[in-house]
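Okay, structure first, notes after.
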């Protein structure tokens, strides 16, 4: 064992050898991308001596430092926040270091999804994605699927259709009607309240944001956005 008086902090050593910032070095270490004397070390404060070999796994390093966007299928009546993200992603991630608590705690949620609603939920630490999704000058189109009890009158469809909003019947039986509603700058909470005042609302699901669809996720599932995917 190395006493606290010997060597230097691993994060300082990695930062110097990799020509990166101390914060980046700590991210690499926490992600499991650094080995000391052939063994993975995830504690940035671990002290190492000059003669000890320190190696960096480039693949893990790239994953740890690259901006990350996660998409999740939020079940209805679940609160979408960082605690839920930690429970959903952090405990089940195949690479806990990359999706560890330190990384997930810094994620932000553009286009929040209200508690009663279900569907596509986004968390990201990518500044470009945040700016794109939160740009009020050019709101992102969203698509919602609303399940209402019984058959809905044609007047409801006409009332929904307006500037920037398109509504149509996706499926209808005597027991229920599923509406497809698409438009920019739609507030899911307001939409749900208005629909419930017209006909009993069974479910309101956000199906799409921009070009990104909820499929193939099932309730409670998540995935990381690939580099080629765009909103």
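Brief remarks follow.
- Every pair of residues 6+ apart whose Cβ atoms lie under 7 Å, when the first sits in segment 100-111 and is on the phi > 0 side of the Ramachandran plot while the second is surrounded by 15 or more Cβ atoms within 10 Å (Cβ to Cβ) and assigned to a helix (DSSP H, G or I): 111/133
- Residue match in segment 143-163 (condition: within 20 Å of the chain's Cα centre (by Cα) and in a helix (DSSP H, G or I)): no
- Odd one out for residue 82, checked against (1) under 18 Å from residue 222 (Cα atoms); (2) buried (at least 21 other Cβ atoms within 10 Å of the Cβ); (3) modelled with pLDDT of 90 or more: (2)
- Taking first residues from segment 130-145 that are over 19 Å from residue 195 (Cα atoms) and partners that are at pLDDT 90 or above and part of a helix (DSSP H, G or I), the Cβ contacts under 7 Å between residues at least 6 apart in sequence or on separate chains come to 140/133.
- Of all the listed residues (8, 29), the sole one being at pLDDT below 95, surrounded by fewer than 19 Cβ atoms within 10 Å (Cβ to Cβ) and farther than 30 Å from residue 144 by Cα is 8.
- Here residue 132 clears all of (1) assigned by TED's automatic domain parsing to the domain that holds residue 110; (2) touching a helix residue (DSSP H, G or I) at 6+ places or on another chain (Cβ under 7 Å) except the condition numbered (2).
- Within segment 164-183, the residues that satisfy the criterion of being assigned to a loop (DSSP other than H, G, I, E, B) and modelled with pLDDT of 90 or more are 173, 174, 175.
- Some residue of segment 87-103 being surrounded by fewer than 18 Cβ atoms within 10 Å (Cβ to Cβ), at pLDDT 90 or above and under 21 Å from residue 226 (Cα atoms): no
- Search result, residues across segment 218-230 that are assigned to a loop (DSSP other than H, G, I, E, B) and under 13 Å from the mean Cα position of the chain (by Cα): 220, 221, 225, 226
- Count of segment 118-142 residues, restricted to those that are loosely packed, with under 14 Cβ neighbours inside 10 Å and either under 16 Å from the mean Cα position of the chain (by Cα) or assigned to a strand (DSSP E or B) (or both), is 4.
- Counted residues, segment 154-183 - those being in contact (Cβ under 8 Å) with a residue 40 or more places away in the chain and either surrounded by fewer than 15 Cβ atoms within 10 Å (Cβ to Cβ) or over 15 Å from residue 143 (Cα atoms) (or both): 1
- Residue within segment 193-200 that is modelled with pLDDT under 95, in the same structural domain as residue 77 (by TED's automatic domain parsing), in contact with a strand residue (DSSP E or B) (Cβ under 6 Å, 6 or more places away or on another chain) and over 15 Å from residue 72 (Cα atoms) present: no
- Of all residues in segment 184-216 being part of a helix (DSSP H, G or I) and touching a residue at least 40 places away in the same chain (Cβ under 8 Å), the one that is nearest to residue 231 (Cα to Cα): 188
- Count of segment 43-55 residues, restricted to those that are buried (at least 17 other Cβ atoms within 10 Å of the Cβ) and either at pLDDT below 90 or within 18 Å of residue 101 (Cβ to Cβ) (or both), is 1.
The values are calculated or read from the model by the stated rules, or taken from the named source; none is laboratory data. The structure displayed is predicted, hence computed values, not measured ones. Glycine gets a Cβ as well: all are built from the backbone with ideal geometry, and neighbour counts include every protein chain shown.
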